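J.: Got a structure for you, questions after.
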Amino acid sequence: QKEVEQDPGPLSVPEGAIVSLNCTYSNSAFQYFMWYRQYSRKGPELLMYTYSSGNKEDGRFTAQVDKSSKYISLFIRDSQPSDSATYLCAMSAISGTYKYIFGTGTRLKVLA
Amino acid sequence: DAGITQSPRHKVTETGTPVTLRCHQTENHRYMYWYRQDPGHGLRLIHYSYGVKDTDKGEVSDGYSVSRSKTEDFLLTLESATSSQTSVYFCATVAGEISYEQYFGPGTRLTVT
């Protein structure tokens, strides 16, 4: 079993829909959680960064962490065709080594 | 954005030849990383550095070596390239101390024929 599991998709939604992207993990030591957006043939771009549990909102994006269930989510409101990309989750423990484990990514297509 | 550049951006090389990829950052971040990204595998850590001349192996380090002689530069070397090393290579940095945010470069697309 992988330390971080992420549904690869593709996930297709109509423009304006609310999108929910999720990752599950097995290591209870993870404390830092990140979401990246990666457009085709580009480097991953840091979208959201959360420490421990709770919610964080930035514009149309909301990141949620549920440590009791070992489950993180990224919600995109009012999705746009420009949101079409692969979304990667990543996480790290407070270990001093600053090493990160990534999900394999979910491909999202927002249809105009 | 940590001002990360990678060179070359694209490279085609033959099996058995040595290849060096360069990562350069302008933000004085302490930690630097090399990942490879392949379909179905996501991002996998090759090597990382936690300071000048301080490096350690990641999960897929076989066939790769690294060097970091200056804070701003992190080099990845494939001693003798193989077709299985055809991939997209990303460099990343983390400031460290109180910051865990990791930033990525634009990537190098390497093809080994």
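J.: If we only count strands (runs of 3 or more DSSP E) wholly inside chain A, which ones have 3 or more residues that are small (G, A, S)? Outline the logic, then answer.
T.: Numbers: elements: A:4-6, A:11-14, A:19-25, A:30-38, A:45-51, A:54-58, A:61-66, A:71-76, A:85-93, A:106-111.
The qualifying strands (runs of 3 or more DSSP E) are A:85-93.
J.: Among what's in the range A:1-33 and is within 14 Å of chain B (Cβ to nearest Cβ) and either touching a helix residue (DSSP H, G or I) at 6+ places or on another chain (Cβ under 7 Å) or of a type in the set (S, T, Y) (or both), pick the residue that is surrounded by the most Cβ atoms within 10 Å (Cβ to Cβ).
T.: So in the range A:1-33, the residues within 14 Å of chain B (Cβ to nearest Cβ) come out as A:2-10, A:23, A:25, A:29-33.
From what's left, either touching a helix residue (DSSP H, G or I) at 6+ places or on another chain (Cβ under 7 Å) or of a type in the set (S, T, Y) (or both): A:25, A:32.
On the way: A:Y25: 22, A:Y32: 20.
Looking at the filtered set, the residue picked out is A:Y25.
J.: To continue, here is another question. What number of residues within the range B:79-108 are within 14 Å of chain A (Cβ to nearest Cβ) and assigned to a loop (DSSP other than H, G, I, E, B)?
T.: Keep residues of the range B:79-108 that are within 14 Å of chain A (Cβ to nearest Cβ), which gives B:87-108.
After this cut, where a residue has to be assigned to a loop (DSSP other than H, G, I, E, B) as well, the list is B:97-98, B:105-107.
Matching residues across the range B:79-108 total 5.
J.: Take the conditions surrounded by 14 or more Cβ atoms within 10 Å (Cβ to Cβ) and either among the aromatic types (F, W, Y) or over 13 Å from B:G107 (Cβ atoms) (or both) and apply them to B:Q85. Does it pass?
T.: Details: surrounded by 14 or more Cβ atoms within 10 Å (Cβ to Cβ): yes; either among the aromatic types (F, W, Y) or over 13 Å from B:G107 (Cβ atoms) (or both): yes.
Yes; evaluated as a whole, the condition is true for this residue.
J.: A further question on this structure: Would you mind stating whether B:L76 is under 15 Å from the mean Cα position of the chain (by Cα), outside any loop (DSSP other than H, G, I, E, B) and facing chain A (nearest Cβ under 9 Å)?
T.: Details: under 15 Å from the mean Cα position of the chain (by Cα): yes; outside any loop (DSSP other than H, G, I, E, B): yes; facing chain A (nearest Cβ under 9 Å): no.
It is false that B:L76 is under 15 Å from the mean Cα position of the chain (by Cα), outside any loop (DSSP other than H, G, I, E, B) and facing chain A (nearest Cβ under 9 Å).
J.: Going by the structure shown, is B:H29 part of a loop (DSSP other than H, G, I, E, B), within 12 Å of another protein chain (Cβ to nearest Cβ) and either of a type in the set (A, V, I, L, M) or farther than 14 Å from A:F102 by Cα (or both)? So that I can check it myself, show each step before the final result.
T.: On the way: part of a loop (DSSP other than H, G, I, E, B): yes; within 12 Å of another protein chain (Cβ to nearest Cβ): yes; either of a type in the set (A, V, I, L, M) or farther than 14 Å from A:F102 by Cα (or both): yes.
Here the answer is yes, as B:H29 does meet what is asked.
J.: Can you pull out the residues in the range A:34-69 that are surrounded by fewer than 13 Cβ atoms within 10 Å (Cβ to Cβ), of a type outside the set (G, A, S) and under 30 Å from B:S87 (Cβ atoms)?
T.: Hits for the range A:34-69 are A:Y39, A:R41.
Rule-based calculations on the coordinates, nothing more; no lab input. Only a predicted model underlies this, so the values are computations on that prediction, with no experimental measurement involved. When we count neighbours, we look across all protein chains shown, and the Cβ atoms used for this are built from the backbone with ideal geometry, even at glycine.
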